[in-house]
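Heads up, the thing below is written out as structure tokens.
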Amino acid sequence: MKKIIPFILLTLTFVGETLRADETADNTTITEATATEENTAGEAPADSESEEATEKSGELTEEEAAKAAEEKAKAEAWLEGQSLAGEYSSLDDDDKRKKDYAIDGFVVSGDTAWILTASALVLFMTIPGLSFFYAGLVRKKNVLSVLMHCFALVCLMTVLWVVIGYSMAFSTDNDNGFIGGLSNTFASGLTQDSGNGIPDFAFFIFQMTFFIITPALMVGAFVERIKFSAMLWFTGLWAVIVYLPACHSVWAENGYFLEMGAVDLAGGIVVHITAGLGALVACIVLGPRKGYPKTQMMPHNLPMTVAGTGMLWVGWFGFNGGSGLAADGGGATAIVVTQISAATAALTWMFIEWMKNGKPTVLGIVTGSIAGLAAITPASGVVGPQGALIIGLASGFVCWYASTAIKAKFGYDDSLDVFGVHGVGGIIGTLLLAFLGASGTLDGRGDYESGAQFAIQFKAAAAVGLYTLAATWIILKVVDAMVGLRVDEQDETSGLDISAHGEAGYND
């Protein structure tokens with residue numbers, strides 16, 4: 001059927017030209033009599049008469065002429081054996097859209113609907129997902145402070161993204177592989193119509209939610225002891241100085257690590273490694289909470305944490321499934337492997353605790369699920385279900401070990417295990433995808449050779465990681481000199497809800 005259509009188009013073109021010639025001949029006859037059989041047969045008129053008839057009949061507009069030429073070219077390509085359909089079918093999903101759909105000003109409604117939904121899901125991860133997850137893990141006297149931190153960061157990061165964030169992350173006018181230019185500050189130059197299959201503003205809001213959640217992840221490392229003003233200054237500066245260069249270099253069209261070949265679908269490097277290492281530096285610079293590690297600091301509301309975990313898990317479908325920017329098979333596969341990795345890591349952590357301590361804990365299984373979600377994030381675009389099982393198993397064990405044994409050995413107070421879960425999980429997924437995602441290895445879908453890809457992944461992760469460590473330390477020292485980082489001992493003892501915000505989470 002597909003091959004018949006171009007012949008029909010070509011035939012109609014020739015018939016149309018014939019009819020136009022007939023009409024021209026009719027208009028140029030001396031008398032008003034009905035056209036003779038000779039004229040009907042298409043006898044060519046004189047040159048002067050033809051030009052006059054063309055003027056009378058009206059010329060095609062440029063747009064109509066271009067469209068007619070395009071249709072004719074397609075038909076001729078079929079006749080010459082250059083089947084556009086065959087050429088199209090040989091492309092991968094991303095190239096299909098770029099070649100056949102993502103023309104300037106064209107929007108795929110299905111993709112747009114999915115990306116808008118995914119944006120809502122990722123925002124839902126921060127408020128209320130991450131907020132509840134962290135709030136349940138702190139002591140009763142600090143529950144509001146954690147909720148306040150997450151909520152305030154949503155607002156602060158939104159404004160920063162509009163003013164300068166999006167431009168520095170994704171504009172390519174300055175031809176710099178590490179940071180974008182200023183051509184899109186205040187969202188200038190964006191429209192509701194253009195883009196690679198989705199409107200500019202759909203991509204804008206989707207990426208904004210990543211910008212929001214990344215610094216919010218770090219909150220868990222310095223809860224119960226940081227000044228609210230210091231938190232705002234630190235995360236604001238960190239988002240601009242650390243996140244934006246990482247984002248541009250890995251995800252922008254001219255990004256240095258993207259052009260190198262680094263694979264990071266949804267933020268193993270950009271989100272989890274930067275947030276995890278930034279959190280590690282922050283908790284060390286601030287120092288431990290009063291009484292740590294001798295005083296037990298138990299979660300005050302595990303049901304709240306479980307609820308937050310569920311919200312994070314569901315929201316992660318938008319996080320990973322939406323990062324391909326299309327409602328297609330790639331997005332579906334990303335969601336499937338996300339589910340598998342999270343479940344596998346949760347069971348792994350649970351069974352380790354069960355064997356080691358004699359009882360499976362709620363805290364253990366929910367923390368394990370987050371480790372699996374973090375680890376699959378960079379790999380969800382290339383691994384299949386089999387690879388997801390391995391990533392889930394590896395992250396469940398390694399993140400458990402990092403959050404218990406390694407933290408205890410070095411004595412740092414990463415209060416809610418941001419580094420142990422997100423930082424280590426992001427590293428695991430970023431490196432393992434080189435092997436598990438390679439085409440021909442299990443059910444991998446990546447078009448690369450494992451050894452070479454591992455070297456690329458390692459270089460990108462190491463470079464971004466080292467930059468994050470150095471920049472975070474400098475930012476913290478600057479903020480400490482400006483406003484001070486820690487609350488005083490009395491405020492810490494009474495709790496940040498009352499001392500910083502003048503409110504209590506529970507009035508009983």
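The values are calculated or read from the model by the stated rules, or taken from the named source; none is laboratory data. Predicted model only: the values in this text are computed from it and were never measured. FYI the Cβ positions are ideal-geometry reconstructions off the backbone, even for glycines, and counts take in every protein chain you see.
What to note about this one:
- Beta carbons closer than 7 Å, at least 6 apart along the sequence or on distinct chains, pair a first residue in region 295-319 that is touching a residue at least 60 places away in the same chain (Cβ under 8 Å) with a second that is assigned to a loop (DSSP other than H, G, I, E, B) and of a type in the set (A, V, I, L, M) for H300/V138; F319/A266.
- For region 359-378, taking the residues that are polar (S, T, N, Q) and free of Cβ contacts under 8 Å to residues at least 60 places away in the same chain, the one that is surrounded by the most Cβ atoms within 10 Å (Cβ to Cβ) is identified as T367.
- Among the candidates G451, G446, G425, G429, residue that is closer than 20 Å to I269 by Cβ, surrounded by fewer than 13 Cβ atoms within 10 Å (Cβ to Cβ) and either of a type outside the set (D, E, K, R) or in contact (Cβ under 8 Å) with a residue 12 or more places away in the chain (or both): G451
- Neighbours by Cβ (under 8 Å, 6+ apart or cross-chain): first from region 222-239, under 12 Å from A279 (Cα atoms) and assigned by TED's automatic domain parsing to the domain that holds I474; second polar (S, T, N, Q) and assigned to a helix (DSSP H, G or I): V223/N142; V223/S145; W238/T472
- Whichever residue in region 326-344 is of a type in the set (A, V, I, L, M) and touching an Asp or Glu at 6+ places or on another chain (Cβ under 7 Å) and, among such residues, is nearest to G197 (Cα to Cα): A326
- C155, sole failed condition from (1) without any contact (Cβ under 8 Å) to a residue 24 or more places away in the chain; (2) out of contact with any helix residue (DSSP H, G or I) (no Cβ under 7 Å at 6 or more places or on another chain); (3) farther than 30 Å from E492 by Cα; (4) not acidic (D, E): (3)
Quick grid of which residues meet (1) over 25 Å from the mean Cα position of the chain (by Cα); (2) over 18 Å from G267 (Cβ atoms):
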residue	(1), (2)
S341	no, no
K359	yes, yes
V383	no, no
Q386	no, yes
A438	no, yes
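For every residue, the table says whether it meets (1) of a type in the set (K, R); (2) within 18 Å of G368 (Cα to Cα); (3) buried (at least 18 other Cβ atoms within 10 Å of the Cβ).
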| position | (1), (2), (3) |
| --- | --- |
| G310 | no, yes, no |
| F317 | no, yes, yes |
| G322 | no, no, yes |
| I340 | no, yes, yes |
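- In summary, D328 fulfils each of the numbered conditions (1) more than 30 Å from V382 (Cβ to Cβ); (2) surrounded by fewer than 21 Cβ atoms within 10 Å (Cβ to Cβ); (3) of a type outside the set (K, R) with the single exception of condition (1).
- Residue count, region 433-459 (criterion: assigned to a helix (DSSP H, G or I) and out of contact with any Ser or Thr (no Cβ under 8 Å at 6 or more places or on another chain)): 10
- Comparison of T333, T367 shows that the only residue that is polar (S, T, N, Q) and more than 23 Å from S109 (Cα to Cα) is T367.
- Criterion: closer than 17 Å to T274 by Cβ, among the polar types (S, T, N, Q) and assigned to a helix (DSSP H, G or I) - qualifying residue of T430, T404: T430
- Single residue of Y467, Y506 found to be of a type outside the set (A, V, I, L, M, F, W, C) and closer than 22 Å to T274 by Cα: Y467
- Restricting the first member to region 468-495 and to residues that are farther than 13 Å from A230 by Cα, and the second to residues that are polar (S, T, N, Q) and surrounded by 13 or more Cβ atoms within 10 Å (Cβ to Cβ), the beta-carbon pairs closer than 6 Å and six or more apart or on different chains are T468/T274; D491/S499; G495/N142.
- Out of G315, G276, G308, sole residue that is under 27 Å from the mean Cα position of the chain (by Cα), outside any loop (DSSP other than H, G, I, E, B) and within 30 Å of G177 (Cβ to Cβ): G276
- In region 427-456, the residues that are within 16 Å of N320 (Cβ to Cβ) and of a type in the set (A, V, I, L, M): I428, L432, L433, L436
- Some residue of region 460-476 being assigned by TED's automatic domain parsing to the domain that holds L244 and touching a Pro at 6+ places or on another chain (Cβ under 8 Å): yes
Each row is one residue, and each column tells you yes or no for (1) in contact (Cβ under 8 Å) with a residue 40 or more places away in the chain; (2) assigned to a helix (DSSP H, G or I); (3) of a type in the set (A, V, I, L, M); (4) not assigned by TED's automatic domain parsing to the domain that holds V122.
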{"position": "D173", "(1), (2), (3), (4)": "no, no, no, no"}
{"position": "I179", "(1), (2), (3), (4)": "yes, no, yes, no"}
{"position": "L182", "(1), (2), (3), (4)": "no, no, yes, no"}
{"position": "G189", "(1), (2), (3), (4)": "no, no, no, no"}
{"position": "D193", "(1), (2), (3), (4)": "yes, no, no, no"}
{"position": "F203", "(1), (2), (3), (4)": "yes, yes, no, no"}
{"position": "F210", "(1), (2), (3), (4)": "yes, yes, no, no"}
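- F222 falls short on exactly one of the conditions (1) out of contact with any Cys (no Cβ under 8 Å at 6 or more places or on another chain); (2) more than 15 Å from L156 (Cα to Cα); (3) of a type in the set (F, W, Y), and that condition is (1).
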